Amino acid sequence: MTIRYRVDLSEAERAHLTTLLNGGKHAARKIKRAQILLAADAGVSDDVIANSVSVGTSTVYRTKRRFVEGNLDLALSEEVRPGTSRKLSGKETALLVATACTTPPVGRKRWTLDLLAGEMVRLTEHEDLSRETVRRRLAEDDLKPWRREMWCIPQIDGAYVARMEDVLDLYAETADAKRPVVCFDESPTQLIGEVREPIPAEPGQPERYDCEYRRNGTANLFVFLDAHRPWRHVKVTDQRTAQDFAVCMRDLANTHYPDADQIRVVLDNLSTHTAGALYETFPAPEAHRILQRLEFHYTPKHASWLNMVEIEIGVLRGQCLDRRIGERDVLNTEIKAWQSQRNASGARIQWKFTTQKARDKLARAYPDTT
C-alpha cells in the first residue's frame, strides 16, 4: 500500500522556499523540489504537481517523503545514489595530482591522460586504470596538465611602483595644451595579399575568400595617442630602428605639437626608446633641441598594459586591420581613413585605473616598508 505523505510547511519554511525561488543561482533540481513542496503545501495533487513542474510523480513522492521523514534541508538536497566505490582512494588521488604537477617523462612534451593512467598503474597496485577515471579526479582539482599559459612575471619593487604611479599621475592630470601627455608604441603587421579575388556577399550567402594567400612582407606601425584629447596618429614604416624612433620624436615635437612647451611621452623599455637614439640620428644641436621639449616617462618592465596606446592598437586591429591587406599603399590609405574617422568622432580611451586604486588593489604587492 502506497503511503500518502502530507506536506505542512511552517511560516519560516514557506518564506525560505519563496526566497529561494525569487533570487540567486541554484541547481535546477533544487528549484523544482522547492516548487513541489510549496505546491504540496497548498494542497495540489501529485499528478498536477508533476505536470506543472515537468517531473515524474515518483519525484514528487520522494520529495514529500524526505520532507515528512526528515526535514526541509533533506528534501531539497540530493539523495545518496547507489554505485561502485571510487577506484582511486584519497591518497592515490593525491599521488595522481602530485604526479601531474611534475616534469613529464623524457621524450614527452606534457602529461596526457593515458600517460598518467599508465604511471598510476606503475606506482600503485591497480592492474589497469581508465583515462576517464584520471580525467574526473583531475577535474575535481581543476587541473589540466596538458594546458600551458605564457605570462610575464613582473618584479614588483620600488622601481616598479615608482614608474607605475608616475604614469598614473600623468593620466589623472587635466588637459594642458602646453604640456600634453602622449602615449607612444609600435606594432608590427603582416602584408597579406589575396591569390584569388574574394566573392562578395549575397542575400543568404556570406562573403567567401580563398584559403590560400600571398605573404608580401611586413610593415611597422608607430602609434601616437594623446591621453587627454581625442587625437591619435599612425605612421607606417618598413622597420622600427632607433633612427625611426628618433624621426618619430622629431615629428612629435615639430609637426604634431609645435606650440607645446614640453611633451610628456609615455613609452615602454624597448632598447631603441632612448634619448641616445636622437644623437645617433641627428646632429648634436638638433638632437639637443628636440630633447629639450620632450620628457620621457617609462612604464615598468613587463607592464605594457599601463601604456594607454596599447588599447588603441587593439582598437586599430579590430576595426581596420582584421583582414587581408597585401600592399603598403593600401595599408597606408586604410589606416589614414580609420585615423581620420576616429579623430573626428571624438573617441577617447576612458582610463579608470588611478594611483589610489593601484594602492588599494595592489597593496599586498607594494614593498613592505615596516
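The values are calculated or read from the model by the stated rules, or taken from the named source; none is laboratory data. Values in this document were obtained by computation on a predicted structure and should not be read as measured data. Positions of Cβ are backbone-derived with ideal geometry, glycine not excepted, and every protein chain shown enters the neighbour counts. Protein only, heavy atoms only, side chains kept; ligands, DNA and RNA dropped before computing areas. Shrake-Rupley method; radii C 1.70, N 1.55, O 1.52, S 1.80 Å.
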Legend entry - Close pairs from segment 354-370: first open to solvent by 100 Å² or more (accessible area, probe 1.4 Å), partner of a type outside the set (Asp, Glu), Cβ under 8 Å, at least 6 apart: 359/366
Inset, instruction - Determine whether segment 150-167 contains at least one residue that is free of Cβ contacts under 8 Å to residues at least 40 places away in the same chain and over 30 Å from residue 216 (Cα atoms). - result: yes
Legend entry - Elements of type helices (runs of 4 or more DSSP H) contained in segment 1-105, each with 3 or more residues being buried (at least 17 other Cβ atoms within 10 Å of the Cβ) and among the hydroxyl-bearing types (Ser, Thr, Tyr): 57-69
Inset, instruction - Kindly list the number of the only condition in (1) assigned to a helix (DSSP H, G or I); (2) surrounded by 12 or more Cβ atoms within 10 Å (Cβ to Cβ) that fails for residue 139. - result: (2)
Legend entry - Whichever residue in segment 294-310 is open to solvent by 40 Å² or more (accessible area, probe 1.4 Å) and assigned to a loop (DSSP other than H, G, I, E, B) and, among such residues, is modelled with the lowest pLDDT: 302
Inset, instruction - State the number of residues belonging to segment 162-185 that are open to solvent by less than 40 Å² (accessible area, probe 1.4 Å) and touching a helix residue (DSSP H, G or I) at 6+ places or on another chain (Cβ under 8 Å). - result: 9
Legend entry - residue 88 vs. criteria modelled with pLDDT of 90 or more and not β-branched (Val, Ile, Thr): no
Inset, instruction - Identify the single condition in (1) touching a residue at least 24 places away in the same chain (Cβ under 8 Å); (2) open to solvent by 50 Å² or more (accessible area, probe 1.4 Å); (3) of a type in the set (Lys, Arg) that residue 289 does not satisfy, given that it satisfies every other one. - result: (1)
Legend entry - Hits in segment 311-350 - residues which are within 23 Å of the chain's Cα centre (by Cα) and open to solvent by 60 Å² or more (accessible area, probe 1.4 Å): 311, 317, 319, 322, 323, 348, 350
